[in-house]
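Accompanying notes for the structure given below.
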Amino acid sequence: MRPAGGGLLLLAAAERHGRLDEGHWKVVEIAVRAIANRRRQPGAGIRELSDRLWTHGRLLICVAGLRAVAAAAPRRPLADTCTALADTLLDAVERTCLHPDGHWQRTPVDPSVDAALLLPGVRGALPAGPPPTRAPGPPSPRAAANWPTTTSSTASATTSALWKRPRAPSCCAGS
């Protein structure tokens, strides 16, 4: 499933540069069909050790690839199919892979955090600003019951503390 999603990302980039012909669009259709047919099957990509329903693979690769194809060729009949399938996959991942604290977890049964889960937002798999990839912020309706809350003064104090430039050590202050 993920190789198909990765291929879609590349094919969408080629389309944005006007490089796809009808033969390439047949490849896009095959990749979309592969994702649709195998979306419920566990799998292992390049970096995984075992077959599982990996959150980052489904979000980063499949959803991002489907959205990229839909955006690259919005007038093609396949664009609506890609958008609907991306929404279906995202909905399934949100239902099964959001930790009760509101962040993405590695798989439906592995609550660990994985740095790869920061990338779906960068790759365009997610709409701008969903809670699992940014903080602080309001929770999505699905995560609202479990999303940790902060006051805006706490959030702004935390944010400004993160962005403050560190002081030079006293030994270097005069140099």
> Looking at (1) surrounded by fewer than 16 Cβ atoms within 10 Å (Cβ to Cβ); (2) within 24 Å of PRO111 (Cα to Cα), which is the one condition that is false for THR55?
Replying inline: (1)
> Is it fair to say VAL93 is part of a helix (DSSP H, G or I), in contact with a Cys (Cβ under 9 Å, 6 or more places away or on another chain) and of a type in the set (Val, Ile, Thr)?
Replying inline: no
> Taking the stretch 65-77, which residues are among the hydrophobic types (A, V, I, L, M, F, W, C) and crowded, with 16+ Cβ neighbours inside 10 Å?
Replying inline: LEU66, ALA68, VAL69, ALA70, ALA72, ALA73
> Hey, among the residues in the stretch 22-52 that are part of a loop (DSSP other than H, G, I, E, B) and among the small types (Gly, Ala, Ser), which one's nearest to PRO111 (Cα to Cα)?
Replying inline: SER50
> Would you pick out the residues in the stretch 78-95 that are without any contact (Cβ under 8 Å) to a residue 40 or more places away in the chain and more than 22 Å from ILE30 (Cα to Cα)?
Replying inline: ASP91, VAL93
>> I'm told GLU48 meets every condition in (1) open to solvent by 50 Å² or more (accessible area, probe 1.4 Å); (2) closer than 30 Å to VAL113 by Cα except one. Can you identify the failing condition by its number?
In response: (1)
> In the stretch 84-95, is there at least one residue being more than 18 Å from THR107 (Cα to Cα) and open to solvent by 50 Å² or more (accessible area, probe 1.4 Å)?
Replying inline: yes
>> Looking at the stretch 96-117 only, could you name the residues that are assigned to a helix (DSSP H, G or I), open to solvent by less than 30 Å² (accessible area, probe 1.4 Å) and free of Cβ contacts under 8 Å to residues at least 60 places away in the same chain?
In response: CYS97
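Would you mind finding the one in VAL32, VAL27 that is over 19 Å from the mean Cα position of the chain (by Cα) and surrounded by 13 or more Cβ atoms within 10 Å (Cβ to Cβ)? Even if it seems obvious, please write down each step before you answer.
Details: VAL32 fails: over 19 Å from the mean Cα position of the chain (by Cα).
Just one listed residue meets the conditions, VAL27.
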>> Suppose the filter is touching a strand residue (DSSP E or B) at 6+ places or on another chain (Cβ under 9 Å) and open to solvent by 50 Å² or more (accessible area, probe 1.4 Å); does PRO120 pass it?
In response: no
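The values are calculated or read from the model by the stated rules, or taken from the named source; none is laboratory data. All figures in this text were calculated on a predicted structure; none of them were measured in a lab. Cβ sites come from the backbone with ideal geometry, for glycine too, and all protein chains shown count toward neighbours. Note: accessible area is taken over every heavy atom of the protein model, side chains too, but ligands, DNA and RNA are not part of it. Shrake-Rupley method; radii C 1.70, N 1.55, O 1.52, S 1.80 Å.
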